[in-house]
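Values quoted throughout were computed directly from the atomic coordinates according to the rules given, and no laboratory measurement underlies them. Given the structure is predicted, the values throughout are model-derived calculations rather than measurements. When we count neighbours, we look across all protein chains shown, and the Cβ atoms used for this are built from the backbone with ideal geometry, even at glycine.
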There are 2 protein chains.
Amino acid sequence: MFPKSFQKLIEHFSSLPSVGPKMAERLVLHLFKQKKDNLNVFVKDLQDFANNVNFCPCCYNLSEGQGECSICQDKKRKSTMICVVEDPLDVIAIEKTRRYSGKYHVLGGNLSVMSQEEIGKLKINELFKRVEEGGVREVIVATNPTTDGDTTALYLARKLKTLGVRVTRLARGIPTGGDIEYADEITLSSAIEGRREV
Amino acid sequence: MFPKSFQKLIEHFSSLPSVGPKMAERLVLHLFKQKKDNLNVFVKDLQDFANNVNFCPCCYNLSEGQGECSICQDKKRKSTMICVVEDPLDVIAIEKTRRYSGKYHVLGGNLSVMSQEEIGKLKINELFKRVEEGGVREVIVATNPTTDGDTTALYLARKLKTLGVRVTRLARGIPTGGDIEYADEITLSSAIEGRREV
């Protein structure tokens, strides 16, 4: 019933999380009602996004272009500390506190919720390799404070300790069952300061 | 903190209705995690959408390409009837009932909620012109059954009656204060059948 190009875009939008078909129709209609210039900027920016944003080959955070991300490239940041998170959005949340000056490692998920195939995609071996290469003194396991995140943390800690590094976990200032990404900055700050041995 | 291309896309998504900044971050991250091929199809389809979808020069519904929309081009549809709606999404809702075989006219809004400048953009004079050109016997004013929609309907009816056409309004099977677009198809069907003189 909709013109073909309109219908196709609705399908793209309804495939996004928390967007239903009705909402997708409204979003696409909103785009259509914008000035053409705005829409063309959207097209260009989406194109740039598709071309330019990649995983950092070192920490698997988001990175502009092919090289390492801005945090890995930053020489002022301590490479003796690695903060392990599930998701790139967790990096953003921790960066906002301005209380952490080490590097990151983005796993891309946690152990329990995934199928065997998906677990294979987690960047766990890459983390062990970074630690084995030496120079790392502490790994802060900042997976979410949920059962799945705790399982992942315990698994990582067992292996990492054999490599002779200090393994810490964020203090439970964060309410259990919550989500790091949505914690307020003060809670997250005190959680970084109050971290303790696993 | 996000890579530049990522941040720009977040801004585009947060400018959409009912999408906040946190949700925009999640949507863009979801796009990033998709296969590159899917993302490239999204880019292409958005490009096609920006290039191809236009207003129909006759009824101001959505149209693929520069010409008239598929409904205006369809010779099986009666051109003696025009159904006036506020929004292209209302056309879709009415088409789904399969009970209407005439043409449409999309106003692009209603009278009361808009500034003087926005009222000037409503396709009201274009509607009068279509009726003046002759051949139209009935105009169904299917603006939303709200105060604003009723005001618009009364305004249109006063003028259209002087042009010698029958003017009807959808029956109030639809709950007053509701939204045509969200009415279920049976309610909307009975509303089309129970229409009455203004």
Once amide H atoms are built 1.01 Å from N in the peptide plane, which residues 5 or more positions from A:VAL53, or in another chain, come under 5 Å H to H?
A:GLY65
Between A:ARG77 and A:LEU163, what FRET efficiency follows from the Cβ-Cβ distance if R0 is 25 Å, with the result rounded to 0.05?
0.75
For the range A:54-142, what is the percent of antiparallel DSSP beta bridges, rounded to the nearest 5?
20
With +1 assigned to the C-beta of every Lys and Arg and -1 to the C-beta of every Asp and Glu, and no other charges, what is the dipole magnitude of the range B:72-198 about the Cα centre in debye, to the nearest 20?
760
For the range B:24-113, what is one quarter of the convex hull surface built on the Cα atoms, given in nm²?
8.7
Extent of the protein assembly as shown along each principal axis, from alpha carbon coordinates, in Å, largest to smallest?
91, 41, 37
Which value, in debye to the nearest 20, gives the size of the charge dipole of the range B:1-122 about its Cα centre, when Lys and Arg are +1 and Asp and Glu are -1 at the Cβ?
480
Compute the signed sum of charges (Lys and Arg +1, Asp and Glu -1) over the other residues within less than 11 Å, Cβ to Cβ, of A:LEU46.
0
Could you work out Rg/(2.2 N^0.38 Å) for the range A:1-44, with Rg from alpha carbons only?
1.14
Which semi-axes, in whole Å and largest first, does the equivalent ellipsoid of chain B have when worked out from the alpha carbon gyration tensor as the square roots of 5 times its eigenvalues?
37, 19, 17
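Shielding by partners for A:37-47, please: the mean number of other protein chain Cβ atoms within 10 Å of each residue's Cβ. If you can, show how the numbers build up before the last one.
On the way: counts 0, 3, 7, 4, 3, 10, 9, 3, 9, 12, 8.
Mean shielding by partner chains, rounded to a whole number: 6.
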Return the long-range amide H neighbours of A:CYS69 (sequence gap of 5 or more, or a different chain), with a cut-off of under 5 Å between placed amide H atoms.
A:CYS58, A:CYS59
Inter-chain Cβ neighbour average for residues A:52-65, partner chain, 10 Å
3
